[in-house]
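Input: a single structure, listed below in structure tokens.
The values are calculated or read from the model by the stated rules, or taken from the named source; none is laboratory data. Everything numeric here is computed off the predicted structure, so don't read it as measured data. Cβ placement follows ideal geometry from the backbone for every residue including glycine, while neighbour counts extend to all protein chains displayed. Surface areas here come from the heavy atoms of the whole protein model, side chains and all, with no ligands, DNA or RNA. Shrake-Rupley method; radii C 1.70, N 1.55, O 1.52, S 1.80 Å.
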Number of protein chains: 2
Amino acid sequence: MKLKELAEQLGLSQTTVSRALNGYPEVNSATRERVSQAALKFGYSANANARRLAIGRIGAIGILMPNDRSERFGPHTSEFFSGLAERLSQDEMDLLMSPVINNDEISAYRRLISSKRVDAIIVTGPTLMDERVAMLTEAKFPFVLHGRTNIEAPHAWLDIDNAGAFRQAASHLLDLGHRHIAMIDGLKGHTFSEHRELGYREALLERGVPIDPRFIVHERFSDETGFREAQRLLSYAPHPTAILAGSMMTALGVFRAIRSKGYQLGKEVSIIAHDDVFPYLNASNMVPSMTTTRSSIRSAGTRIAEMLVRILDGEPVENLHEVWPVELILRQSSGPPVIPG
Amino acid sequence: MKLKELAEQLGLSQTTVSRALNGYPEVNSATRERVSQAALKFGYSANANARRLAIGRIGAIGILMPNDRSERFGPHTSEFFSGLAERLSQDEMDLLMSPVINNDEISAYRRLISSKRVDAIIVTGPTLMDERVAMLTEAKFPFVLHGRTNIEAPHAWLDIDNAGAFRQAASHLLDLGHRHIAMIDGLKGHTFSEHRELGYREALLERGVPIDPRFIVHERFSDETGFREAQRLLSYAPHPTAILAGSMMTALGVFRAIRSKGYQLGKEVSIIAHDDVFPYLNASNMVPSMTTTRSSIRSAGTRIAEMLVRILDGEPVENLHEVWPVELILRQSSGPPVIPG
DNA sequence: GCATAATTTCAAAGCGCTTTGGAATATTTG
DNA sequence: CAAATATTCCAAAGCGCTTTGAAATTATGC
């Protein structure tokens, strides 16, 4: 069914029907109601392409998918996407996923822009001086950044308080009496990783606890690296009595390493992991349940979509940045250090 | 830059330029070359919406994202999406991700169809008598199924040989001398899960090895369930000397359980997992490396996108179904059973 | 009952592209 | 060189919707 037909059915003009559906003020509310009822009844919905052609908006948000073995496209991504789509679908906006060719992100972004297939772009996993952010800002193409950079030029972003999360976690461990705390986090260079290290350092510094550089590890998020690095950490003497893990994936590996050394979790060695809230990896169901710094990456996706919509509605990007606090959830994997024997 | 401007630049008519770009035969190859060079140079690319409006194709493929805590949206999904996008982008096709509201998939599909926002749909994770497949077949809306059903009506699908994979894996373990083999796979009802159980049963039956129903477990794919179920399995007497795991997530939990019982992997207890090939979970890098049945879910995505394109080009769905063989890759986590002590 | 305001209609342009049918021009062929 | 073939152009319709400006109709206020 097309607009013309719907209008005929209702005995109204196309103009009025179109106006009713698009929320124009000059249409009688009774008429508007009648129109939307009819639209529902006949299953009418405007042809997306025609509509977009007419209003000059593409109606899609772009996001790149690195197709190398990068750490950027992991389980986090699907949760994040899920949140995005939840909000975007309200405005009939598509989420366009475009792959990166030859690992050349910058030109992938340029292509995305010039092909006029998206109204705006979402950038994730920034470094402190991210070149993609610099490029998009300069090109004046609308985008929202998931994360933060040190780049001054105004742009929209949403980040969680990574420094605060790790500061909290480390402080808590210090309160419990730990003096040898290690962290295994994401790759160096990424903002979130740097911020977490900052938070960790602050907490230790505050108590005058010396920082052992061997105890600060930056690695990809995976079970395997978590295992390997934790094994290494636990082989030192003295070994850390607590480990901060940057992701649940890493934490799984750390769990395994602690167990394989014969230590009890939450006793000889404690662990606190950052939890992005995956439906299939529940921290509280684990044995023992895992203490986490918790922040839903999915909710972040929803919020970022909201910001995107606002930008396209003309809201200046200067107003659009927020930092979300992260809560520390105490469970069994963290406890006062126990000296074995 | 728009078509009109490009044509002016070239001193050609819009018609010719459009024809050149769209591969019409009546245009001189030298001209065609000149046009594409110019298009490249000026960064011209047709306005997607106008083009789609003109040719009457939406230019997007739909896929639903259950937004409950279902097992359907896990790490597999992102890999699969990645493969899809890789192929779809060649044809400038978007991948439209739409969330399911109120857990009502059927009406989400209906909405997707009636909103005319997609040309075709991808359905994943089917059950043997999947109602979505039945509905879409009946509605005659183009779709490709990732997996298989027992539904007779012709439709396009691609599946891997799940029965063969588990048959192979179980046979291999039997060859090594195992007589107590357990499997922890996905939820009951899903085709892939049923097929795997079938393959497992066939292998045991063939050797006359009795099947212990306690050794067949159907659960969600997650580290946690893998751990819990493996612990249970290993508490039986006699306990299984080998475990088949339906996913790498599950396998991780099983690993942990085996270790926590003090057994050596590949000695007292062997494990073979199905590997969908995640960039961040490498079976061969694990310690010990993991024997797997391997089939890239990403490649499946690429191939399914290819099938989709064909359907839209008019190829009858009757021709479009394939079963991919699965290779068994022997590594260290599987070996002849060792009697402890 | 008449001026004023609120709705609705009409007719048409425009979004940028594809496609068509016939005409015009260029290139080849025998 | 005429005839046949290959290219390109021209003009216009059409895809389905939004938007505009002016006119027509209906409702409301005093």
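Here's the yes/no breakdown for (1) open to solvent by less than 50 Å² (accessible area, probe 1.4 Å); (2) closer than 21 Å to A:Asp275 by Cβ; (3) among the aliphatic types (A, V, I, L, M); (4) in contact (Cβ under 8 Å) with a residue 12 or more places away in the chain:
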residue: A:Lys140; (1), (2), (3), (4): no, no, no, no
residue: A:His146; (1), (2), (3), (4): yes, yes, no, yes
residue: A:Trp157; (1), (2), (3), (4): yes, no, no, yes
residue: A:Asp185; (1), (2), (3), (4): yes, yes, no, yes
residue: A:Gly189; (1), (2), (3), (4): yes, no, no, yes
residue: A:Arg196; (1), (2), (3), (4): yes, yes, no, yes
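Could you look through the stretch A:209-221, keep only residues that are without any contact (Cβ under 8 Å) to a residue 40 or more places away in the chain and open to solvent by less than 60 Å² (accessible area, probe 1.4 Å), and pick out the one that is farthest from the other protein chains (Cβ to nearest Cβ)?
Keep residues of the stretch A:209-221 that are without any contact (Cβ under 8 Å) to a residue 40 or more places away in the chain, which gives A:209-219.
Cutting the leftovers down to open to solvent by less than 60 Å² (accessible area, probe 1.4 Å) gives us A:209, A:211-212, A:215-219.
Working: A:Val209: 31, A:Ile211: 29, A:Asp212: 25, A:Phe215: 22, A:Ile216: 21, A:Val217: 17, A:His218: 15, A:Glu219: 11 Å.
The selected residue is A:Val209.
Working only within the stretch B:321-330, note down all residues that are among the charged types (D, E, K, R) and open to solvent by 60 Å² or more (accessible area, probe 1.4 Å).
Going residue by residue through the stretch B:321-330, those that are among the charged types (D, E, K, R) are B:322, B:327.
Of everything in the stretch B:321-330, just one residue is among the charged types (D, E, K, R) and open to solvent by 60 Å² or more (accessible area, probe 1.4 Å), namely B:Glu327.
Could you list, in sequence order, the residues of the stretch B:182-221 that are over 22 Å from the mean Cα position of the chain (by Cα) and aromatic (Phe, Trp, Tyr)?
Result: B:Phe215, single match.
Hey, does the stretch A:13-20 have a residue that's within 13 Å of DNA strand C (Cβ to nearest atom), in contact (Cβ under 8 Å) with a residue 60 or more places away in the chain and in a loop (DSSP other than H, G, I, E, B)? Talk me through it step by step, then tell me what you get.
Filtering the stretch A:13-20 down to residues within 13 Å of DNA strand C (Cβ to nearest atom) leaves A:13-20.
Still in the list and also in contact (Cβ under 8 Å) with a residue 60 or more places away in the chain: none.
Scanning the stretch A:13-20, I find no residue that is within 13 Å of DNA strand C (Cβ to nearest atom), in contact (Cβ under 8 Å) with a residue 60 or more places away in the chain and in a loop (DSSP other than H, G, I, E, B), so the answer is no.
Report, by residue number, each residue of the stretch B:49-70 that is more than 7 Å from chain A (Cβ to nearest Cβ) and either within 11 Å of DNA strand C (Cβ to nearest atom) or at pLDDT below 90 (or both). Walk me through how you get there before you give the answer.
Restricting attention to the stretch B:49-70, the residues satisfying the condition of being more than 7 Å from chain A (Cβ to nearest Cβ) are B:51, B:54-57, B:59, B:61-64, B:66, B:68, B:70.
Correct list: B:Arg51, B:Ala54, B:Ile55, B:Gly56, B:Arg57, B:Gly59, B:Leu64, B:Pro66, B:Asp68, B:Ser70.
Restricting attention to the stretch B:91-126, which residues are more than 10 Å from chain A (Cβ to nearest Cβ) and out of contact with any strand residue (DSSP E or B) (no Cβ under 8 Å at 6 or more places or on another chain)?
Of everything in the stretch B:91-126, those that are more than 10 Å from chain A (Cβ to nearest Cβ) and out of contact with any strand residue (DSSP E or B) (no Cβ under 8 Å at 6 or more places or on another chain) turn out to be B:Asp91, B:Asn102, B:Asn103, B:Asp104, B:Ile106, B:Ser107.
Scan the stretch B:239-282 for residues that are closer than 28 Å to B:Ile339 by Cβ and among the small types (Gly, Ala, Ser) and jot them down. So that I can check it myself, show each step before the final result.
To start, the set of residues in the stretch B:239-282 that are closer than 28 Å to B:Ile339 by Cβ comprises B:239-246, B:250-274.
Once the filter is applied, which keeps residues that are closer than 28 Å to B:Ile339 by Cβ and among the small types (Gly, Ala, Ser), the stretch B:239-282 yields B:Ala242, B:Ala245, B:Gly246, B:Ala251, B:Gly253, B:Ala257, B:Ser260, B:Gly262, B:Gly266, B:Ser270, B:Ala273.
So, of the residues in the stretch B:33-48 that are over 15 Å from B:Leu95 (Cα atoms) and within 11 Å of chain A (Cβ to nearest Cβ), which turns out to be surrounded by the fewest Cβ atoms within 10 Å (Cβ to Cβ)? Walk me through it before giving the result.
Step one: of the stretch B:33-48, the residues over 15 Å from B:Leu95 (Cα atoms) are B:33-47.
Adding the requirement that they be within 11 Å of chain A (Cβ to nearest Cβ) leaves B:39-40, B:42-47.
Working: B:Ala39: 20, B:Leu40: 10, B:Phe42: 14, B:Gly43: 12, B:Tyr44: 20, B:Ser45: 17, B:Ala46: 19, B:Asn47: 18.
In this case the residue turns out to be B:Leu40.
Any idea how many residues of the stretch A:1-34 are within 40 Å of the chain's Cα centre (by Cα) and away from DNA strand D (no atom under 11 Å from the Cβ)?
3
When only residues in the stretch B:222-248 that are among the β-branched types (Val, Ile, Thr) and either within 14 Å of chain A (Cβ to nearest Cβ) or assigned to a strand (DSSP E or B) (or both) count, which is nearest to B:Ile271 (Cα to Cα)? Working first, answer last.
The initial filter retains those residues of the stretch B:222-248 that are among the β-branched types (Val, Ile, Thr), namely B:225, B:241, B:243.
Now restrict to residues that are either within 14 Å of chain A (Cβ to nearest Cβ) or assigned to a strand (DSSP E or B) (or both): B:225, B:243.
Numbers: B:Thr225: 16, B:Ile243: 5 Å.
Among them, the one singled out is B:Ile243.
Among the residues of the stretch B:113-137, how many are of a type outside the set (Val, Ile, Thr), touching a residue at least 12 places away in the same chain (Cβ under 8 Å), more than 12 Å from B:Ile58 (Cα to Cα) and surrounded by fewer than 21 Cβ atoms within 10 Å (Cβ to Cβ)? Steps first, answer last, please.
Narrowing the stretch B:113-137 to residues of a type outside the set (Val, Ile, Thr): B:114-117, B:119-120, B:125-126, B:128-132, B:134-136.
Of the ones still in play, those that are also touching a residue at least 12 places away in the same chain (Cβ under 8 Å) are B:116-117, B:119-120, B:125-126, B:128-132, B:134-136.
The next check asks that each one be more than 12 Å from B:Ile58 (Cα to Cα); those that pass are B:125-126, B:128-132, B:134-136.
When the remaining residues are screened for being surrounded by fewer than 21 Cβ atoms within 10 Å (Cβ to Cβ), the result is B:128-129, B:131, B:134-135.
Summing the residues that are of a type outside the set (Val, Ile, Thr), touching a residue at least 12 places away in the same chain (Cβ under 8 Å), more than 12 Å from B:Ile58 (Cα to Cα) and surrounded by fewer than 21 Cβ atoms within 10 Å (Cβ to Cβ) in the stretch B:113-137 gives 5.
May I ask you to verify whether B:Gly43 is within 16 Å of DNA strand D (Cβ to nearest atom) and on the phi > 0 side of the Ramachandran plot?
On the way: within 16 Å of DNA strand D (Cβ to nearest atom): no; on the phi > 0 side of the Ramachandran plot: yes.
In short, no.
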